[in-house]
Amino acid sequence: MSLFEHPKPNDIDNWVCVLESGTEYEVDMAKNYLSNLKIPSNILSKRDTAYSLQIGEMALIYLYVPVEFEKKARKALKELEEAEPLFPEDEEGDSVE
């Protein structure tokens, strides 16, 4: 693998990767959201905890769903991404009270 080549998610029989991120909380939030919609999912973390890396291929976290739930999961994650924020910011970047 080249230093500048983006790593691909692992191929897992009957499962498909629907999200990859370098931030654990983002993947956990997506997993919880899918769980609320009764969509099963599993997280595969490639984060190297020995070095506390949070960037690069040694820090990627993947979210997998069963193949039969792929379309529903991708649609749900797209809707989550496009949703209005719960706490909108005012013009100066502060939260509105």
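Write out, first by first residue and then by second, each pair whose Cβ atoms fall under 8 Å of each other, whose residues are 6+ apart or on separate chains, and whose first residue, in region 78-89, is closer than 16 Å to residue 29 by Cα and modelled with pLDDT of 65 or more while the second is among the hydrophobic types (A, V, I, L, M, F, W, C) and surrounded by 10 or more Cβ atoms within 10 Å (Cβ to Cβ).
80/30
Tally time: how many residues in region 13-52 are modelled with pLDDT of 85 or more and outside any helix (DSSP H, G or I)?
17
The values are calculated or read from the model by the stated rules, or taken from the named source; none is laboratory data. Just so you know, these numbers come straight off a predicted model, no measurement behind them. Ideal geometry is used to build each Cβ from the backbone, glycine not excepted, and the neighbour counts take in all protein chains shown.
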